[in-house]
Amino acid sequence: LADLWWIYSKPVPADGRELWTLFLQCSCITAVIGGLFYNWMFASLEYSWHLSTATAVSFSLLLLLTLLLVHPARCVFSMIMPTLGTKQGRKLLFSTCIMIAVVNITPNIMSNIKTILQVIKCICKNSSDSLLNSTALLEKVSWEFGDAIQETIHSIYKPMNGHFRFSLLQNSSLIYQKMHLAGEKISREFLSVEVLVKDSIRVANRLAAGFFMFYLCLESTWYLKNYLTNLRFDNFYITKKLERLAVDRRATHLLVGSSKKLLRPTGLKLSWEEVVLCLVQAMLVTVALLLLLVVVAMDHFAFSVAETALRKAAQFSAVPVALSINYKVEIGIMPFLFKVFRRPSEEFLLGDFNRTYQHQLIFSCARCRISPPTPPNPSVLLVVGLLFCILYATVFLETFARRLCRRIAASFFPGWEERRALHLYRELSRR
């Protein structure tokens, strides 16, 4: 492995064997990166498969030529891997989490809200049908009651007409049509809002992912540029070259006296500034986690409400309505004389109508075809949980990732690393 890394980090291969070894190394790297790049574009960013394939193949060929011919590009590309463990890598993981939420959680919330709207629509339709049927009952009652009024004993007491007419049933088809149009309008508007939100978040996530990838490469390039131009940049480590230089000049006491300010690149010790930075980054990750948990809670809440609404609406019992009519027609014989003599008057019954009509108002949705509520996908929560575990790990591994970037740059440019070690030795001697 040390020999392979030595060949990979050399500016120019020494012979044909090293050239072929370098070519095989770069080919394996580009094949793996091309496959990951295709999966990222197709599965995460939701590009079409032919666009993802063409872009991944073109990117792989360009990356192969760049790694094979440009020595600093190999260094920058090698530093991109540990840079994924820094804040730029976390931004890419945040972008992936957002895309997972958009693709999986948001449509599930929309589907459960649609189920709730279907329940409300079905209840409104059944209740309106029941109310319209009650008008038919009233029409039946009015005609029977009118017939009873007409069937008096003496024709001299018969009224002209005892019937009532209801015209509400004539507009029942219009009511159904308006309800159907209103439901279709709400469905179209809801679908358009859902598509607009998904498309907007998808485009924003693609732009953010592209920007983060570009900035990831730019940060690695910026680190290498500062490493090669600024001797003080990220130069506070007790490296082997610094130890060898101190031993050769019999000044090992400089390293012991400055142990609080210097760190070993392979050690686990963190400076106070690094600890504070880790805590701040952990707080930011926690805020993002809480926001995503709010979305997950909305998914569970929408499913719970949809399931409860569907179950309770199916259990609604019919409301019985009873219409009782008591009608009695009597005639009194000379009531004035009976009142004068304070005797009870005698009355003759001409007609009696005593009937009860039963009707039921239905508010249930048991007869409607409603799509069942969709439960939250546990695999999505598992993937998001794993991604956030990686995010929290990168918070505390960011310092070591930066140290690894420095070791990579030192292995690609050993002559410059000696100059940096000499500069740090002179700074310690001057202090």
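The values are calculated or read from the model by the stated rules, or taken from the named source; none is laboratory data. Owing to the predicted nature of the structure, the values given are computational and were not obtained by experimental measurement. Cβ coordinates were reconstructed from backbone atoms using ideal geometry, including for glycine residues, and neighbour counts include every protein chain displayed. Each accessible area value is taken on the protein alone, full model and side chains, heavy atoms only, with ligands, DNA and RNA left out. Shrake-Rupley method; radii C 1.70, N 1.55, O 1.52, S 1.80 Å.
Selection over the stretch 294-308 of residues that are farther than 21 Å from residue 121 by Cα and in contact (Cβ under 8 Å) with a residue 60 or more places away in the chain gives a count of 5.
Here's the yes/no breakdown for (1) over 28 Å from the mean Cα position of the chain (by Cα); (2) open to solvent by 50 Å² or more (accessible area, probe 1.4 Å); (3) within 27 Å of residue 277 (Cα to Cα); (4) not assigned by the TED database to the domain that holds residue 219:
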| residue | (1), (2), (3), (4) |
| --- | --- |
| 368 | yes, no, no, no |
| 382 | no, yes, no, no |
| 403 | yes, no, yes, no |
| 418 | yes, yes, no, no |
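Among the residues of the stretch 51-66, those that are of a type outside the set (Ser, Thr, Tyr), farther than 29 Å from residue 391 by Cβ and open to solvent by less than 60 Å² (accessible area, probe 1.4 Å) comprise 54, 64. Somewhere in the stretch 248-259, is a residue surrounded by fewer than 16 Cβ atoms within 10 Å (Cβ to Cβ), modelled with pLDDT of 80 or more and among the β-branched types (Val, Ile, Thr)? No. The sole residue among 77, 37 that is within 30 Å of residue 280 (Cβ to Cβ), out of contact with any Pro (no Cβ under 9 Å at 6 or more places or on another chain), part of a helix (DSSP H, G or I) and modelled with pLDDT of 85 or more is 77. All of 304, 345 fail the test of being modelled with pLDDT of 70 or more and farther than 27 Å from residue 130 by Cβ, apart from 304. Of all the numbered requirements in (1) more than 33 Å from the chain's Cα centre (by Cα); (2) farther than 24 Å from residue 219 by Cα, residue 75 misses one, and that requirement is (2).
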